[in-house]
Amino acid sequence: MAQLICQDLTLGYDGHVILSGLNFEVDAGDYLCIVGENGSGKSTLMKTILGLQSPMHGKVTTGDGLRRSEIGYLPQQTVVQRDFPASVWEIVLSGCQGRQGLRPFYNKADKALASENIRKMGLDALTRRCYRELSGGQQQRVLLARALCATQKILLLDEPVSGLDPRVTAEMYDLIDTLNKRDGITIIMISHDLDAAMRYASRILHIGSTVFFGSKEDYLKSDAAYTFRKEGETA
Amino acid sequence: MTEMFEKLSLYMQYPFVRYALIVGVLIALCSSLLGITLVLKRFSFIGDGLSHVAFGAMAIAAIFNMTNDMPLMLAITILSAILLLRSGQNAKIKGDAAVAMISVGALAIGYLLMNRFSKSSNLSGDVCSTLFGSTSILTLRKSEVWLCVVLSILVLIVFVLFYNKIFAVTFDEAFARATGTKASVYNLLLAVIIAVIIVLAMNLVGSLLISALVIFPALSAMRLFKSFRSVTICAAVYSVLTAALGILVSVLADTPVGSTIVAIEIAAFAVCWLAGAIKGGVRR
């Protein structure tokens with residue numbers, strides 16, 4: 001059974017429809033890339049999957065033992081975070097917050113999980129450092145470690161490499177790929193970078209004037225990819 | 001020096017000075033804790049805005065000759081706080097503009113009502129003392145002191161119990177909501193606490209200077225420290241020290257309490273800023 005099922009979704013805000021009749025499924029272990037032009041509704045789709053926004057029509061359901069609150073999320077950086085005084089440890093640990101319920105403080109298991117994910121992301125030396133003093137790539141890894149504290153099953157990444165230089169971008173993609181291949185974590189990634197999507201993803205969802213959902217081999221032959229590429233060249 | 005201490009110990013025998021010290025320190029402590037979240041959420045001016053709302057509510061209470069204006073002030077201020085913090089998410093009028101609008105509007109309506117309906121002979125004096133809190137902290141009654149102590153302790157307990165949740169919601173509300181934290185509930189909680197603190201703080205520094213109690217401790221602590229916990233502790237200590245010092249200086253030098261506290265906070269901020277710059281410079 002699929003981990004995430006989107007049925008007949010209509011997305012939009014303030015009564016304005018951006019996208020309608022969207023159907024797709026994500027299975028455990030998939031690596032799905034969501035591509036599309038600016039304004040095609042990628043971010044709105046992301047918010048809908050996360051439950052931050054309700055769809056205008058249709059529904060998002062989870063299966064395969066996945067609960068809605070178990071979707072880890074790597075958001076784009078906000079203005080608030082840029083000058084936020086917080087240590088790496090505090091931020092990673094806050095990923096455990098969703099499971100706390102009314103329990104006020106973190107317990108040993110939470111702290112062990114946070115340490116493990118800090119190690120996994122190669123951040124041991126930076127644990128006590130201040131988040132705002134880290135480089136862009138390091139900040140992304142901190143947020144990734146936090147997302148891993150919230151889930152062991154599925155990660156949603158919103159433009160994870162925007163603003164990173166080419167070397168750090170490649171490292172970030174490798175890290176995500178490792179999480180997918182080695183730890184079996186399902187990846188859903190919004191991306192502008194079609195080449196990277198082609199290299200790493202197993203499936204592609206293209207939204208916009210034409211909608212495509214399927215394997216990347218089929219996507220390469222489709223009209224959607226052709227027009228998207230062409231627009232990318234002229235832009 | 002000894003002369004100063006003698007004068008001080010003489011003043012300390014008066015209950016009103018002790019009351020002022022207790023209430024002042026408690027309010028300063030509470031507002032500094034919440035101030036960090038507000039500054040980081042870009043709501044620095046909410047203290048100013050809500051205190052003007054409380055002023056408007058006070059004017060309404062005065063018209064109806066209410067002997068105890070606290071409940072009405074609390075109710076109206078809490079309602080406004082909820083509206084303001086909620087509007088931050090999906091409003092047509094953005095956070096800072098909404099705060100400015102409510103702030104100016106409540107101030108104008110409050111003064112209009114007081115001017116039209118007040119039976120007091122010294123209207124401008126009344127308005128001045130509500131806005132600048134010139135003497136009210138020195139005229140506290142015992143019951144008000146107790147109310148303030150109980151509410152402050154409640155605020156402190158809630159803050160400690162929800163510290164981790166407040167951090168999560170302040171740092172990244174979208175992530176917190178997506179992973180199952182009930183962010184809207186905690187935003188509501190924050191709004192209520194902030195409103196309570198502001199109504200309490202009006203007794204101390206008056207409505208115009210409340211912002212200072214909210215902003216200065218957080219900003220000063222952020223110059224010096226780099227983790228959320230150390231900033232929180234530093235802000236609390238900073239706030240308690242400056243408030244206590246301000247009240248003592250104002251008693252000794254016979255200056256208005258609120259303005260004195262703010263003047264000291266400005267000086268302390270300058271020290272923190274300088275210390276932060278030197279510290280940062282050395283590391284680099």
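Electrostatic bookkeeping for residue B:163 treats Lys and Arg as +1 and Asp and Glu as -1; over the other residues with beta carbon under 14 Å from its beta carbon, the sum is +2.
Peptide B:37-48 shows a mean partner chain C-beta count of 1 within 10 Å per residue C-beta. For chain A, the longest principal axis of the alpha carbon atoms and the long axis of helix A:136-150 meet at an angle near 90°. Straight-distance candidates among the aspartates and glutamates for linking to residue B:7, with alpha-carbon spacing under 16 Å and chain neighbours fewer than 8 residues away dropped: B:254. Here the protein assembly as shown carries DSSP beta bridges of which approximately 50% are antiparallel, counting only pairs with both residues inside. Return the subset of A:111/B:165; A:111/B:182; A:47/B:165; A:120/B:279; A:47/A:153 for which the Cα-Cα distance in this structure is over 23 Å, preserving the input order. Long pairs (Cα-Cα over 23 Å): A:120/B:279. Relative contact order of the range A:78-152: 50 percent, from C-alpha pairs under 8 Å at least 6 residues apart in sequence. Shown here are the Rg and Dmax of the Cα trace of the range B:2-274, at 18.6, 62 Å. Averaged over the residues of peptide B:56-62, the number of Cβ atoms from other protein chains lying within 10 Å of each residue's Cβ is 0.
Comparing B:170, B:37, B:242 in a Gaussian network model of chain B where C-alpha atoms under 10 Å apart are linked, the largest mean-square fluctuation is found at B:170. Seen from a random direction on average, the alpha-carbon convex hull of the protein assembly as shown projects onto 29.0 square nanometres.
For the segment A:93-106, counting C-beta atoms of other chains within 10 Å of every residue's C-beta and taking the mean gives 5. Percent of alpha carbon pairs in the range A:101-200 separated by more than 17 Å? Roughly 54 percent, once rounded to a whole number.
From its DSSP helices (H runs of at least four residues, each -39,500 (n - 2.57)), chain B gives a residue-normalised ellipticity at 222 nm of -28000 deg cm²/dmol. The Cα atoms of the range B:210-284 define a convex hull whose projected area, averaged across directions, is 4.9 nm². Per Stokes-Einstein, at 20 °C and 1.002 mPa s, what whole-number D in µm² s⁻¹ belongs to chain A, with the Kirkwood radius over Cα pairs as the hydrodynamic radius? The diffusion coefficient I find is 115 µm²/s.
FYI, it's all coordinate maths here, none of it is from the lab. Predicted model only: the values in this text are computed from it and were never measured. No Cβ is skipped: glycine too gets one built from the backbone with ideal geometry, and neighbour counts run over all protein chains shown.
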